[in-house]
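Every number in this text was worked out from the coordinates using simple rules, so none of it is lab data. All figures in this text were calculated on a predicted structure; none of them were measured in a lab. Cβ atoms come from the backbone with ideal geometry, glycine included; neighbour counts cover every protein chain shown.
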Amino acid sequence: MPLLDYVLETPGYGWKNENGELVKPAPSQILKEFFSRLNLFKSKKNWLPFFSWIKVVLLAPLLILFIFKFFSIPLLIAAFVYSMIIMGTHGTIWHHRYCTHKAYKFKNSFWRMVTQNLTISMIPEEIYVVSHHVHHAKSDQPGDPYNAQAGFLYCFLADVNHQPIAKNLSEGDYRRVATMMRHTGVVPNTYAQYLEWGSIVNPVRAITGTLLNWGFWAAVFYLIGGIPLVCALFGAAAFWAVGVRTFNYEGHAKGAQKHKDGTDFNRDDLSINQLWPGIVAGEWHNNHHLYPSSARSGFLTHQIDLAWYYIKGMSWLGAISSYHDSKELFLEQYHLPYKQKTSSPAKTNTSLVREKYVEQKVNSKA
């Protein structure tokens with residue numbers, strides 16, 4: 001059985017029924033699973049999803065302070081730009097294109113560390129990376145950890161219910177899974193530590209890294225704009241961390257078939273290109289599913305890709321040693337054939353008109 005078939009912890013309601021069809025659990029089942037997997041008293045192996053959500057809980061009071069005590073239009077604009085654009089783009093640059101798909105390589109670990117910590121740390125790499133490999137292998141099929149066909153709540157709480165790795169992997173399988181994270185700089189647990197904590201990353205390292213990241217950015221924001229700016233931007237980070245959990249439901253058209261001709265060329269799953277995520281975060285999702293390992297997914301002229309601009313800029317600076325860019329391949333394999341196909345009827349009609357004109361001229365001369 002392929003590793004990706006069992007690398008994630010199976011939810012209590014399962015991935016599929018006896019007929020092999022997707023299980024669509026009721027909201028009550030999803031919520032029960034969610035709170036069970038956050039329960040540290042039940043098992044300390046639940047620490048990583050708990051840690052992911054406790055970050056949001058800890059920063060939520062700062063968001064409230066910003067709204068009710070420090071609110072101003074300039075701070076609102078700063079919070080909007082920080083959450084929607086800066087953090088969104090960073091998620092694409094770091095978690096998506098580098099950590100998961102290895103779309104580019106850093107010259108050294110220093111530039112990797114800089115890129116990792118460009119924003120306030122909110123999403124643990126392990127939660128994102130392993131499950132995202134499964135998502136691409138089983139996109140919109142049973143076993144996809146955020147299958148939009150199972151509903152909004154199924155996707156929204158997936159980081160707890162569906163994305164953590166299995167807790168009973170063999171030593172060989174654990175080493176294979178840990179290898180998926182090697183390039184990210186995450187120092188893996190030993191197999192004995194994995195059996196104790198149920199994760200690749202060690203809790204001490206994860207907590208220490210987050211505290212250092214938060215301390216650095218709190219100091220920077222305080223020096224720039226004092227406590228009000230700290231509250232505004234850390235609150236914005238909490239807002240983004242909640243909002244990003246809605247993306248895969250929207251990015252896969254809420255589980256419906258909504259592909260548009262000339263825009264969504266990948267028809268193997270329900271992924272679609274959306275204007276807003278594309279512009280603010282470079283997340284042209286249908287394009288990405290066509291070429292997952294590409295450092296660019298904004299292939300067409302109007303498809304702004306801020307994540308790609310960062311990667312390309314860092315390449316010019318020498319911080320990134322190599323990258324994959326599938327734009328030319330996309331144009332050759334999909335866009336140009338589509339343009340030729342859609343424009344050929346017009347050309348045929350034009351040719352017919354010209355032939356008739358020539359025929360009339362010949363007949364008149366005759």
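Some notes on this structure:
- Calculated FRET value between V204 and V23, using beta carbons and R₀ = 51 Å, to 0.05: 0.90
- For the range 50-154, size of Cβ-based charge dipole, Lys and Arg +1, Asp and Glu -1, in debye: 360
- Sequence-distant residues sharing a close amide H with V201 (under 5 Å, placed H): N189
- Computed on the Cα trace of the range 3-325, the radius of gyration divided by the Kirkwood hydrodynamic radius gives Rg/Rh = 0.95.
- Placing unit charges on each Cβ (+1 for Lys and Arg, -1 for Asp and Glu) gives the range 1-138 a dipole about its Cα centre, and among A26, V129, P74 the Cα reaching farthest toward its positive end belongs to P74.
- Span from the the range 181-203 Cα centroid across to the the range 220-289 one, whole angstrom: 28
- 25 °C / 0.890 mPa s Stokes-Einstein diffusion coefficient of the range 201-266, Kirkwood radius on C-alpha pairs, µm²/s: 162
- About the Cα centre, charge dipole magnitude for the range 166-237 (Lys/Arg +1, Asp/Glu -1 at Cβ), debye: 120
- Restraint check, K102/K260; K167/K254; K138/K341; K55/K167; K32/K260, Cα-Cα greater than 27 Å: K102/K260; K167/K254; K138/K341; K32/K260
- The peptide list 258-266, 143-151, put in order of mean Cβ contacts within 10 Å with the highest first, becomes 143-151, 258-266.
- For the range 260-309, the spherically averaged projection of the C-alpha convex hull amounts to 3.2 nm².
- Net charge of neighbours whose Cβ lies under 9 Å from the Cβ of V134, counting Lys and Arg as +1 and Asp and Glu as -1: -1
- Proximity of backbone amide H atoms, modeled 1.01 Å from N, is registered between S321 and K105, F106, K107 at under 5 Å, excluding neighbours fewer than 5 places apart on the same chain.
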